[in-house]
Amino acid sequence: MVEVVITGMGLVSALGKSLKENWQKLILGKSGIQRYQPFLELSPLPLGLIGEKPAKLKMLTQMVVDSALQDAGLKPPLIDCAVVIGSSRSHQGLWETLARQMYFGEYSSDSEEKLEDWLDFLPHMNAIAAARQIGATNIVLAPMAACATGIWAISQATLLIKTGQCQRAIAGAVEAPITPLTLAGFQQMGALAKTGAYPFDVHREGLVLGEGAAVFVLESKELAKQRHAKIYGEVLGFGLTTDAYHANQPEPEGKSAIAAIQQCLKRSSLTPNDIDYIHAHGTATQLNDRIESKIIQTIFSQKVAVSSTKGATGHTLGTSGALGMAFSLLALQQQILPPCVGLQTPEFDLNLVTTARKHNIKNVLTFSFGFGGQNAVLALGNS
């Protein structure tokens with residue numbers, strides 16, 4: 001049986017531009033969410049921006065891929081490395097810019113977006129660009145599974161290694177979703193918060209959109225040991241299901257989400273009692289937090305620690321599960337439970353982590369429940 005381990009991480013979010021900065025601010029209970037008005041046609045909103053203006057997908061990808069390789073002690077070219085990097089929005093911001101150029105003549109002298117380059121902005125081209133960046137000529141995948149994209153990408157990469165199609169993969173997700181259309185769409189749904197993100201709180205208002213990117217170097221344990229690489233943890237298993245219920249509402253009883261958790265536990269040879277910490281999806285919307293809490297209470301005992309980090313980073317859509325994986329691996333490595341930033345008055349009877357604390361952590365689960373009822377669960381453990 002091939003064991004898959006994580007030997008490198010690259011992470012950028014509203015909390016910071018490095019793995020260390022993100023973790024340090026998170027365990028201090030800091031939030032990167034601030035009020036911005038990036039588009040004059042839309043009113044100011046709390047957002048998780050990395051800089052003062054919306055980021056570019058290409059820039060975020062290059063940054064985290066370089067960071068992950070450096071962290072893993074690897075240098076390009078990595079010819080046999082697979083690339084599995086997804087995004088739920090991909091280059092949507094560029095398409096919106098091109099549309100404004102075409103229909104309203106809004107050209108800018110410093111604009112990087114040109115209609116003749118449209119092929120570079122297709123959904124899968126970001127993963128292709130990452131492959132070029134590291135000189136990889138193995139399989140390239142570009143999953144899109146709404147908010148579950150990050151965990152889907154890690155699961156696909158894990159499967160590639162376990163089935164012998166490669167010994168190493170760089171995998172994760174990148175999201176630059178702060179665009180007029182995305183903001184207007186979520187506003188139309190009534191899903192956006194007015195002041196901030198407060199997962200599992202009585203006074204939660206809705207989600208806060210955030211930018212983010214997280215990619216990982218995954219390797220067979222054998223390969224990692226051969227090169228004496230540091231190991232953050234092991235991918236024990238995953239569960240992937242779909243509700244087949246509604247475009248943007250989770251199935252009320254959480255049946256398929258429960259099935260994904262059970263599938264993940266079975267593949268990982270774990271029981272619910274083996275889980276020490278759950279990095280919840282925790283979007284801070286009324287519906288998600290209520291149903292997710294019910295799911296956790298159905299399967300797990302009250303003692304399992306639970307938190308969501310979206311109060312610190314915002315909801316990074318397709319990247320959210322990958323960010324959750326990064327924070328979960330650091331929790332494993334440092335034996336510290338990360339806090340549910342923004343939570344003041346819990347509504348649910350869960351063991352919610354309000355401030356970072358030391359804890360014996362052996363096995364963790366990371367949840368992602370995306371639009372369209374896409375459920376993804378990942379199990380991580382010490383290696």
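The values are calculated or read from the model by the stated rules, or taken from the named source; none is laboratory data. Just so you know, these numbers come straight off a predicted model, no measurement behind them. Virtual Cβ from ideal backbone geometry, glycine too; neighbours counted across all protein chains shown.
Key figures for this structure:
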read-out: Residue ID - surrounded by the most Cβ atoms within 10 Å (Cβ to Cβ), chosen from residues in segment 178-198 that are modelled with pLDDT under 95 and not in a helix (DSSP H, G or I); value: ALA191
read-out: Verdict on SER301 being assigned to a loop (DSSP other than H, G, I, E, B), more than 22 Å from TYR232 (Cβ to Cβ), without any contact (Cβ under 8 Å) to a residue 40 or more places away in the chain and not aromatic (Phe, Trp, Tyr); value: yes
read-out: ALA213 being at positive phi, crowded, with 24+ Cβ neighbours inside 10 Å and not in a helix (DSSP H, G or I); value: no
read-out: Segment 119-177: number of residues that are in contact (Cβ under 8 Å) with a residue 60 or more places away in the chain, aliphatic (A, V, I, L, M), under 19 Å from LYS56 (Cβ atoms) and crowded, with 22+ Cβ neighbours inside 10 Å; value: 4
read-out: ALA173 closer than 20 Å to THR316 by Cα and under 18 Å from the mean Cα position of the chain (by Cα); value: yes
read-out: So LEU240, is it more than 14 Å from SER368 (Cβ to Cβ), in contact with a strand residue (DSSP E or B) (Cβ under 9 Å, 6 or more places away or on another chain) and either of a type outside the set (Ser, Thr, Tyr) or outside any helix (DSSP H, G or I) (or both); value: no
read-out: Qualifying residue in segment 30-48 (condition: modelled with pLDDT under 95 and under 30 Å from GLU222 (Cα atoms)); value: no
read-out: Scan of segment 40-83 for residues that are within 30 Å of GLU205 (Cβ to Cβ) and surrounded by 15 or more Cβ atoms within 10 Å (Cβ to Cβ), ordered by number; value: LEU45, PRO46, LEU47, GLY48, LEU49, ILE50, PRO54, ALA55, LYS56, LEU57, LEU60, VAL64
read-out: Selection within segment 296-322 - surrounded by fewer than 24 Cβ atoms within 10 Å (Cβ to Cβ) and of a type in the set (Ser, Thr, Tyr); value: THR298, SER301
read-out: Residues (more than 21 Å from ILE50 (Cβ to Cβ), small (Gly, Ala, Ser) and part of a loop (DSSP other than H, G, I, E, B)) located in segment 307-356; value: ALA356
read-out: Some residue of segment 308-329 being touching a helix residue (DSSP H, G or I) at 6+ places or on another chain (Cβ under 8 Å) and without any contact (Cβ under 8 Å) to a residue 60 or more places away in the chain; value: no
read-out: Lone qualifier among ASP274, ASP289 - being within 20 Å of the chain's Cα centre (by Cα) and charged (D, E, K, R); value: ASP289
read-out: Unique match (being in the same structural domain as GLY10 (by TED's automatic domain parsing) and assigned to a helix (DSSP H, G or I)) among LEU26, LEU47; value: LEU26
read-out: Scan of segment 5-23 for residues that are in a strand (DSSP E or B) and among the hydrophobic types (A, V, I, L, M, F, W, C), ordered by number; value: VAL5, ILE6, MET9, LEU11, VAL12
read-out: Subset of segment 36-74 that is among the hydroxyl-bearing types (Ser, Thr, Tyr) and in contact (Cβ under 8 Å) with a residue 12 or more places away in the chain - its residue that is nearest to ALA193 (Cα to Cα); value: TYR36
read-out: Test: residue in segment 371-380 that is over 23 Å from GLY210 (Cα atoms), more than 17 Å from the chain's Cα centre (by Cα) and crowded, with 17+ Cβ neighbours inside 10 Å; value: no
read-out: Number of the exception - GLN101 against (1) surrounded by 15 or more Cβ atoms within 10 Å (Cβ to Cβ); (2) more than 25 Å from GLY210 (Cβ to Cβ); (3) at pLDDT 95 or above; value: (3)
read-out: Residue satisfying condition, being among the acidic types (Asp, Glu) and either in a loop (DSSP other than H, G, I, E, B) or in contact with a Phe, Trp or Tyr (Cβ under 6 Å, 6 or more places away or on another chain) (or both), within set GLU251, GLU219, GLU234; value: GLU251
